[in-house]
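Derivation of every value follows stated rules applied to the coordinates shown; laboratory data play no part. Note that the structure is predicted; figures quoted are calculated from it, not measured. So basically every Cβ, Gly included, is an ideal-geometry build from the backbone, and we count neighbours across all protein chains shown.
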There are 2 protein chains.
Amino acid sequence: MKIGIIGLGLIGGSFALAAKKHVSPSRLFGNDKNLENEKRALELGLIDEILKKSDFFQMDVILLAIPVDAALDLIDDLLDQINDNTLLIDVGSTKSMICEKVAFHPKRNQFLATHPIAGTEFSGPTAAFDSLFIGKSQILCETNKTRPDLLEWAVSWFKNINMRLREMDPKEHDKHIAYVSHLSHISSFMLGKTVMEKEKDEKTIFDMAGSGFESTVRLAKSSPDMWTPIFKQNQENILEVLDQYISNLQEFKRLIEQKNYEAIYDKMLKTNAIKEILTGIN
Amino acid sequence: MKIGIIGLGLIGGSFALAAKKHVSPSRLFGNDKNLENEKRALELGLIDEILKKSDFFQMDVILLAIPVDAALDLIDDLLDQINDNTLLIDVGSTKSMICEKVAFHPKRNQFLATHPIAGTEFSGPTAAFDSLFIGKSQILCETNKTRPDLLEWAVSWFKNINMRLREMDPKEHDKHIAYVSHLSHISSFMLGKTVMEKEKDEKTIFDMAGSGFESTVRLAKSSPDMWTPIFKQNQENILEVLDQYISNLQEFKRLIEQKNYEAIYDKMLKTNAIKEILTGIN
């Protein structure tokens, strides 16, 4: 079995390692727009050799792990070039546009749209590790449009990695992920920006970062190359939830201005319920 | 040496453990408004016995680790009751008001205002652990107003715990901590609130929380009992930085509306500099 990985960053690289561990491919191919990343991925043993365009046809599985705008540009061409039994899996953070893009492609049934809910704030092949996906959610979209034998192979691989599979409509996915993930990133980026603007002394930021800032600003280390196209593709959902977030902050600000500490206490107490939600008991 | 701890939560409890490890007090006393906490602290061995009001006079050191409004209410009475060689240390998250409150007390020179920059989102005595303060910053205010021998004892204790000491004016402290810490908490609380409002399906929050939300919302698990009085005492600084944060979010929203992806990319790239700041190289 030959597996090709397009995009050797944190996600692509970690899937390469997870493939080596759980699928034992005879040969693992990979490429990256960034030639330094390709070189590092070879050195780190993430891949066995560089995936060339002329290799696409001989791959059994190709995993597409590049920024969502680049994936959209590449997907048609890629489907054209694979053989009639190749499975093409995409792992981008938005799902509507890519599903729409391939909807009428003759090889639509060789495509599987997924979103592994896993990551760190680090990027590139050196950030990859084989346990990244263990116990993490893997969202699958439009599985009824993927050929059953190819779907079965993918599902079995993800289950071997110990991912928690969940089916979701692409539009629903994009809405939910805007709420739960994309907003967190904007919140964190703007927090980092605000603190750097107000607090000119970097030593003071460092000295006081342990008081909550460090974890809250973690996502502001994320790659703009990855995130700009996500905000582009999920504009509508993001604007909706960002609007709500700003309203909530304005309301909290008003309560502080009005010294309405009872209401402030109450809002925080109610939000504490997130504790139980995150333990997954419900 | 007899040490008394008032407030047996995460901070008080962890200082109790750190005292046992580094100071070897002959006896460790403690109390908490919450009788369950007192009982648990005894069971967990954080303290040897309950600290009663009548014991204050015989303490060598008293550490005040209660919400900042309660500390403000208690401090004068506490200074009145200690003996002439007792050191009283406060560890609250705001420093201006408490320093003003004690400014003209006859025992002002037995008081040391500190803020250990350490914590987790958990509270109560069960959350305490002896290594909480290792390597963390300890802010000291108005050290010139504390009797040198008492200050020396405190500094030596904090150094034994391996804390990084830093002197700061109380007003400066409150400004910096609003920027670096208090804003993070509001950002996180309102993020949690927004996501819970928009995303009614708790299972979906749980399934997707790994995509950044989990760390960004961590502070929204914090105790309203602790945080309401902090927002009250640091109102002015918090309003100033919260205003800036809301402006930055509004500007980011405008850029998404205008599809100005170049500016969005640029803002994120610049904010990535937080990476280097948090490594403390500067």
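Under 8 Å for C-alpha pairs, at least 6 residues apart: give me the relative contact order for segment A:111-263, rounded to a whole percent.
Numbers: 121 pairs, mean separation 35.8, N = 153.
Once divided by the residue count of segment A:111-263, the mean separation gives 23 percent.
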With viscosity set to 0.890 mPa s at 25 °C, what whole-number translational diffusion coefficient in µm²/s follows for segment B:2-168 from Stokes-Einstein and a Kirkwood radius over Cα pairs? 158
Between the label point of B:Glu257 and that of the same position in each other copy, find the distances and list them shortest first in nm, with every label point placed 7 Å from Cα along the Cα-to-C-beta direction. 2.0
Between A:Lys21 and A:Leu239, what is the spin-label point distance in nm, taking each point 7 Å from the Cα along the Cα→C-beta axis? 4.2
So if R0 is 35 Å, what FRET efficiency would A:Thr143 and A:Gln58 give, r being the distance between their Cβ atoms, rounded to the nearest 0.05? 0.85
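Greater than 27 Å separation of Cα atoms is the criterion. Which listed pairs, A:Lys198/B:Lys200; A:Lys275/B:Lys267; A:Lys136/A:Lys200; A:Lys20/A:Lys175; A:Lys259/B:Lys193, meet it? Don't skip to the end; give the middle numbers.
Numbers: A:Lys198/B:Lys200 35 Å; A:Lys275/B:Lys267 32 Å; A:Lys136/A:Lys200 38 Å; A:Lys20/A:Lys175 33 Å; A:Lys259/B:Lys193 20 Å.
Checking Cα-Cα distances, A:Lys198/B:Lys200; A:Lys275/B:Lys267; A:Lys136/A:Lys200; A:Lys20/A:Lys175 exceed 27 Å.
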Relative contact order [Cα under 8 Å, 6+ residues apart], chain B, whole percent: 17
Separation of segment A:217-249 and segment B:100-151 by C-alpha centroid, Å? 38
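Given the protein assembly as shown, what percent of its DSSP beta bridges are antiparallel, to the nearest 5? Mind showing how you got there, number by number?
Values: 8 of 52 bridges.
The antiparallel fraction comes to roughly 15 percent.
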Give me the inter-chain shielding for A:173-182: mean count of other chain Cβ atoms within 10 Å, whole number please. 6
By the C-alpha gyration tensor axes a ≥ b ≥ c (rounded if a/c is under 1.5, else prolate when a/b exceeds b/c, else oblate), the shape of segment A:1-50 is prolate
Averaged over its residues, how many other protein chain Cβ atoms are within 10 Å of peptide B:197-203's Cβ atoms? 6
Could you work out the equivalent-ellipsoid semi-axes for segment B:138-180, taking the square root of 5 times each eigenvalue of the Cα gyration tensor, largest first, in whole Å? 21, 14, 5
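Beyond 33 Å, what share of the Cα-Cα pairs of the protein assembly as shown is found? Please give it as a whole percent.
Details: 77080 of 158766 pairs.
Summing the P(r) of the protein assembly as shown above 33 Å gives 49 percent of all pairs.
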Nm distances between copies for A:Asp201, ranked from closest, using label points 7 Å along Cα→Cβ: 4.9
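Out of segment B:8-114, which chymotrypsin sites (Phe, Trp or Tyr not before Pro) are coil in DSSP terms and have no more than 14 other C-beta atoms within 10 Å?
Working: sites: B:Phe15, B:Phe29, B:Phe56, B:Phe57, B:Phe104, B:Phe111; in loops: B:Phe104.
Answer in residue order: B:Phe104.
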Based on DSSP, what percent of beta bridges with both residues in segment B:2-168 are antiparallel, to the nearest 5? 15
Once you treat every alpha carbon in segment B:172-279 as an equal point and sum by Debye, what is log10 I(q)/I(0) at q = 0.14, 0.18, 0.24 Å⁻¹? -0.75, -1.16, -1.33
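Give me a single rounded figure for A:120-128: the average over its residues of other chain Cβ atoms within 10 Å of their Cβ. Numbers along the way, then the final one.
Details: counts 2, 4, 1, 0, 0, 0, 0, 0, 0.
That average works out to 1.
If packing is taken as the average number of other Cβ atoms within 10 Å across a peptide's residues, how do B:34-43, A:177-186, A:247-256 rank, most packed first? Intermediate results must be reported in sequence, preceding the final value.
Numbers: B:34-43: 16.2, A:177-186: 25.4, A:247-256: 17.7.
Result, highest mean Cβ count within 10 Å first: A:177-186, A:247-256, B:34-43.
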Between copies, how far apart are the A:Arg164 label points? List them in nm, one decimal, shortest first, with each point 7 Å from Cα toward Cβ, please? 3.6
